[in-house]
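Bear in mind that the values in this text are calculations on the coordinates, not laboratory data. Keep in mind that this is a model prediction, so the values were computed, not measured. Methodologically, a virtual Cβ is constructed for each residue, glycine included, from the backbone with ideal geometry; neighbour enumeration extends over all protein chains shown.
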Amino acid sequence: MKILYHHRIASKDGQYVHIEEIVTALKELGHEIIMVEPRSIKDKQFGKSSKVVSLVRKFLPGYIHEWIEFFYTIHDFIQLFKTIKKTQPDCIYERYNLFLPSGIWIKKLFKIPLVLEVNSPLFNERDKNDGISSKALALWTENYVWQSADLVLPVTHVLADIMMSRNILKDKIRVIPNGINKNKFIHQKIDDQAVKNKFNLKNKLILGFSGFVRDWHRLDIVIDAIASHKTENWHLLLVGDGPVRQRLEAQAEELGVADRVTFTGLISRDLIPEYVAAFDIALQPEVVAYASPLKLFEYMALGKAILAPDRPNIKEILTDEEDCLLFSPDQKDDFILKLELLAQSPNLQKKIGLGAIDTVNNKGLYWQENAKTIANLFSELKKFKD
């Protein structure tokens with residue numbers, strides 16, 4: 001099958017990991033993938049954001065950069081048109097973005113099936129975090145694109161419920177959570193000693209977190225927990241970087257535990273398995289309500305003892321005391337209580353770590369399985385169209 005993959009991601013971060021993994025998995029199945037994406041993304045290093053987008057959003061009023069986003073649709077439509085005329089794809093797979101109806105327009109023009117991957121309700125998200133000036137335009141583009149796609153693929157049932165509240169038919173929705181690359185995280189023996197030696201972490205109980213660190217991740221509560229357990233050998237290993245790094249480092253310094261917190265900075269994607277393998281307890285202190293966190297699947301595949309909040313989207317994947325330990329985010333001390341329980345019981349760590357591996361296998365939480373599902377959906381759509 002010839003699949004046109006369409007997206008507008010301009011930064012190589014967790015979003016692009018999803019893109020690369022799905023594209024790789026579809027190619028492994030024998031499908032031809034044609035990319036229509038921003039030119040700037042091709043040579044960008046992992047972890048690098050678009051400077052142009054950042055500058056536009058920083059210095060221009062909201063309504064101006066929002067209309068610039070929308071008018072990008074014209075350029076994007078032309079690129080799609082040229083690519084489709086040249087390559088004649090069988091179908092379109094699009095990663096949803098706000099202010100981007102061009103994929104739907106081209107689908108309707110050429111009568112090509114389009115499947116839409118949706119990772120977040122971007123209107124709600126952006127309106128809450130940054131504010132949206134052109135609300136009517138933004139909401140229209142989101143609803144129009146969601147409703148016009150042949151199928152929509154939200155990453156959680158929580159997100160599916162949000163979509164259904166916008167009058168998206170249940171029959172058009174297929175929930176496909178994020179996954180893991182079995183070739184990178186499963187089918188190889190991963191040595192964690194180099195990482196432990198590099199950061200002098202031998203004989204430490206390593207509390208680990210990987211990813212781009214934001215305020216809402218609530219890693220401050222982990223540093224508080226370390227500070228309140230001065231006689232324990234707990235050490236926080238933060239694999240990544242982010243806008244709250246300096247604040248967390250200042251907090252650790254103020255509490256006198258700076259020597260028990262390590263930031264690695266940005267790490268090559270190829271090295272992530274080695275770093276996560278060094279964790280004794282893998283942390284997800286908080287989560288966006290509708291998200292399917294990539295790090296969670298990495299933790300699971302490597303058999304880590306996961307400590308995560310008792311949230312509906314987390315419980316779509318994990319089960320308390322079987323493949324994770326859940327704490328109540330609404331009870332102030334429950335995180336520390338559950339962390340103490342895990343830290344004091346190597347047997348419990350091992351049990352839920354093995355349970356996590358079983359869950360990955362039993363639920364087929366692999367990018368390769370996601371790609372098979374996507375290809376089957378396209379085959380069904382093609383039969384229906386024919």
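Residues with amide H under 5 Å of residue 5's amide H, sequence separation 5 or more or different chain, H placed in the peptide plane at 1.01 Å from N; which?
Excluding prolines and chain starts, which carry no amide H, the hits are 34, 35, 36, 93.
With only Lys, Arg, Asp and Glu charged, each at its Cβ (+1 for the first two, -1 for the last two), find how big the charge dipole of the chain is about the Cα centre; round to the nearest 20 debye. Kindly include the intermediate steps, with their values, before the conclusion.
On the way: 52 positive and 50 negative charges, 300 e Å.
Here the chain has a charge dipole of around 1440 debye.
Simple spin-label model, 7 Å along Cα-to-Cβ: residue 345 to residue 357 in nm?
2.0 nm
Would you mind checking 172/383; 85/135; 12/189; 108/382; 304/363; 184/372 for any pair whose Cα atoms are more than 23 angstrom apart? If you can, show how the numbers build up before the last one.
Working: 172/383 16 Å; 85/135 34 Å; 12/189 27 Å; 108/382 15 Å; 304/363 17 Å; 184/372 18 Å.
Pairs exceeding 23 Å: 85/135; 12/189.
Starting from the Cα-Cα distance between residue 255 and residue 320, subtract it from 0.36 nm times their residue separation and give me the gain in nm to one decimal.
On the way: separation 65, 0.36 × 65 = 23.40 nm, distance 3.16 nm.
That works out to 20.2 nm of additional length.
I want to check the label-to-label distance for residue 165 and residue 1. Put each point 7 Å from Cα in the C-beta direction and report it in nm to one decimal.
In this crude spin-label approximation the distance works out to 3.2 nm.
Specify which residue in the list 319, 208, 262 is farthest towards the positive end of the charge dipole of region 201-334, using unit charges on the beta carbon of Lys, Arg (+1) and Asp, Glu (-1), about the Cα centre.
Working it through, the farthest residue towards the positive pole turns out to be 262.
Farthest toward the dipole's positive end in the chain, which of 285, 137, 370, given Cβ charges of +1 (Lys, Arg) and -1 (Asp, Glu) about the Cα centre?
Toward the positive end, the furthest listed residue is 137.
Might you report the magnitude of the Cβ-based charge dipole of region 183-363 about its Cα centre, with Lys and Arg at +1 and Asp and Glu at -1, to the nearest 20 debye?
Values: 22 positive and 27 negative charges, 102 e Å.
The dipole magnitude comes to about 500 debye.
How high is the relative contact order of the chain, given as a whole-number percent (alpha carbon pairs under 8 Å, six or more residues apart)? Present the calculation step by step, with values, prior to reporting the outcome.
Numbers: 623 pairs, mean separation 57.9, N = 386.
15 percent.
Does region 199-245 come out rounded, prolate or oblate, given a ≥ b ≥ c as the square roots of the eigenvalues of its C-alpha gyration tensor, rounded meaning a/c under 1.5 and, failing that, prolate meaning a/b above b/c? List each step's numbers first, then the result.
Values: a/c = 3.07, a/b = 1.45, b/c = 2.12.
Verdict is oblate for region 199-245.
Starting with the fewest neighbours, write out 317, 104, 68 ranked by other beta-carbon atoms found within 10 Å of each beta-carbon. Don't jump to the answer; show the numbers that get you there.
Working: 317 23, 104 20, 68 14.
With the fewest neighbours first, 317, 104, 68 line up as 68, 104, 317.
Using a 10 Å cut-off around each Cβ, can you sort 268, 40 from fewest to most neighbouring Cβ atoms?
Numbers: 268 9, 40 14.
Ordered by Cβ neighbours within 10 Å, fewest first: 268, 40.
Just 260, 247, 174 to compare: in a GNM of the chain, with alpha carbon springs under 10 Å, which one fluctuates most?
247
Mind sorting 19, 352 by how few other Cβ atoms lie within 10 Å of their own Cβ, fewest first?
Working: 19 19, 352 27.
If I rank by nearby Cβ atoms, fewest first, I get 19, 352.
At R0 = 35 Å, how high is the FRET efficiency between residue 289 and residue 32 if r is their beta carbon distance? Nearest 0.05 is fine. Let's see the in-between values first.
Working: r = 37 Å, r/R0 = 1.05.
E between residue 289 and residue 32, to the nearest 0.05, is 0.40.
Given [x] 26, 56, 17, 0; [y] 27, 60, 13, 0; [z] 26, 53, 20, 1, which label gives P(r) over Cα pairs in 20 Å bins from 0, in percent as computed from the coordinates?
Structure-derived value, by its label: [x].
Residue 337 to residue 133: FRET efficiency via 1/(1 + (r/R0)^6), r the Cβ-Cβ distance, R0 35 Å, to the nearest 0.05? Write out the running numbers ahead of the final one.
On the way: r = 44 Å, r/R0 = 1.27.
The computed FRET efficiency comes out at 0.20.
What's the extension gain from residue 81 to residue 369 if we count 0.36 nm per residue and subtract their Cα-Cα distance? Numbers along the way, then the final one.
On the way: separation 288, 0.36 × 288 = 103.68 nm, distance 3.05 nm.
Contour length minus Cα-Cα distance gives 100.6 nm.
Relative to the Cα centre, what is the charge dipole magnitude of region 290-353, using +1 at the beta carbon of each Lys and Arg, -1 at the beta carbon of each Asp and Glu, and rounding to the nearest 20 debye?
Numbers: 8 positive and 11 negative charges, 46 e Å.
My answer is approximately 220 debye.
Exposed loop GluC sites (Glu not before Pro) only (DSSP loop, at most 16 other Cβ atoms within 10 Å): please give the longest stretch of the chain free of them, not including the sites.
1-231
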